[in-house]
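Written below as structure tokens is the structure these notes are about.
The values are calculated or read from the model by the stated rules, or taken from the named source; none is laboratory data. Quick caveat, the model's predicted, so the values are computed rather than measured. Don't worry about glycine lacking a Cβ; one is built from the backbone with ideal geometry, like all the others, and counts go over all protein chains shown. Note: areas computed on protein heavy atoms with side chains; ligands, DNA, RNA excluded. Shrake-Rupley method; radii C 1.70, N 1.55, O 1.52, S 1.80 Å.
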Amino acid sequence: MRARRARLPAAVVALSITSFFTDIGSEMIFPLLPMFVASLGASTIFLGLVEGVADATASCLKLASGYLADHVPRKKPLVLSGYILASVVRPLVAFASAPWHVLAVRVSDRVGKGIRSSPRDVMIAQSVSKEEAGRAFGFHRAFDDAGAVIGPLIATALLSCGVELRTVFLLAAIPGLLSLLAVASVRESPGPEPEQVRISPGADVKLPKSLRAYFAILLLFSLGCSSDAFLLLRAKELGVPLALVPLLWSIFHVSKVVSSYFGGNLADRVPRAKLIALGWGVYALTYLGFGAATAAWQVWALFIVYGSYYGLTEPAEKALVRDLAPSHVRGRAFGYYNFMVGISAIPAGILTGWLWQAVSAQAALASGAAVASVAAIGLLAWNNRQFRAPASAL
């Protein structure tokens, strides 16, 4: 009988609970924002501006906070300040009386996310050994996605009971407060690998060559990985009623929860690069499936399969960053990772949207599948080279 695996460190559990409550609060508001912004007289172009500026701000700050995390002995103050900012400003959207108020709140919320994300990933990485990294990141991702399932359901239930929209926004402060209590309880671990190197503020320390090559392949995939909003648009085209879209979205996140938990455990048992390539293969096949689909029922099945792509890739991707980055540059490594994934969504969305409008939905989806396939092949080739290369060459 196989020995039972040890429990994850308390810091990983507390940070996972923090993300769970944070996502509940965020998802109580986010799906309702388009309707709310429109009621204030804003156009769809302004809504796109809100999300574009917010995501770009978060991506840039994730890179900056990753650099900062390498120069401070404790990461928790950065993480805590990021969660405090987001939890305080997010419910203030309830008092918005003009579209620019929503922009200010949304950007401030994303500033908090940018400050906390990379240092939080470092805290998770330094709390576990290499053999437990995939499980830890998968556990955290599963809790994050669970919050994304529950948040919209709570908002829907409140609205169904006659609670006003602005009141729902205010009530999002409750899970925000619970998230702060959870993150405040975290005891930061020095990690199983004590830092041997201290970086002076002006030092120019390069990331390992193997990590930079991995990031190049990851960037290629990200440039073809468009917003999931396009898949929701495809669902509408195939006849999924608008009233059922929130339910479809929740089921999709349930798939992400389950696959993230099991995918994280699997990432500690099989080569991480091969698991990521498998996930990218699932991405390619489901995108082709969305393009070939002809009926609404097929969309439901495809979204469930598509959720498994996240579970196969996200925990393994972060665990692989942890493997390749020495402890003294781990902050900037996670900063680059989060920055690339976030900022590449802009050109990826523009390309997909242009192909969707100028050619067809099938062409746009096939383009994403093709890029994912090329990236998967590149990652497998990189993995084979890593396996064959002597340690000194890495």
18 Å Cα-Cα threshold exceeded, pairs from Lys76/Lys206; Lys62/Lys113; Lys62/Lys318: Lys76/Lys206
C-alpha center-to-center spacing [segment 257-321, segment 122-181] in angstrom: 21 Å
Neighbour cut-off at most 12 other Cβ (10 Å), DSSP loop, GluC sites (Glu not before Pro), segment 65-167: Glu164
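Work through the residues other than Leu32 whose Cβ is under 13 Å from its Cβ and net out their charges, Lys, Arg +1 and Asp, Glu -1.
Residues close to Leu32 contribute a combined charge of +1.
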Helix runs (DSSP H) in the chain reaching 18 Å along axis by Cα, Kyte-Doolittle at least -0.5: 10-29, 44-69, 76-89, 99-127, 133-160, 209-223, 245-266, 272-292, 296-324, 330-343, 345-358, 361-388
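Find out how many positive minus negative residues lie around Asp70, taking Lys and Arg as positive, Asp and Glu as negative, among other residues whose Cβ is under 9 Å from that of Asp70.
Numbers: positive: Arg330, Arg332; negative: none.
Once all neighbours under 9 Å are counted, the net charge is +2.
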Computed [θ] at 222 nm, deg cm²/dmol, the chain (DSSP H ≥ 4; -39,500 (n - 2.57); rounded to nearest 500): -25500 deg cm²/dmol
In segment 282-380, chymotrypsin sites (Phe, Trp or Tyr not before Pro) in a DSSP loop with at most 14 other beta-carbon atoms within 10 Å: none
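With every protein chain kept in place and ligands, DNA and RNA left out, what is the accessible area per residue of segment 253-379? Probe 1.4 Å, answer in Å².
36 Å²
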At R0 = 30 Å, FRET efficiency that the Cβ-Cβ distance of Ala296 and Met35 yields, to 0.05: 0.85
Computed accessible area, His101, all protein chains, 1.4 angstrom probe, square angstrom: 50 Å²
Peptides ranked, highest mean first, by Cβ atoms within 10 Å: ranges 21-34, 109-122: 109-122, 21-34
Residues Arg269 and Val53, FRET efficiency given R0 of 45 Å [Cβ-Cβ distance, rounded to 0.05]: 0.65
Whole-number percent relative contact order across the chain, with pairs defined as alpha carbons under 8 Å at least 6 apart: 26 percent
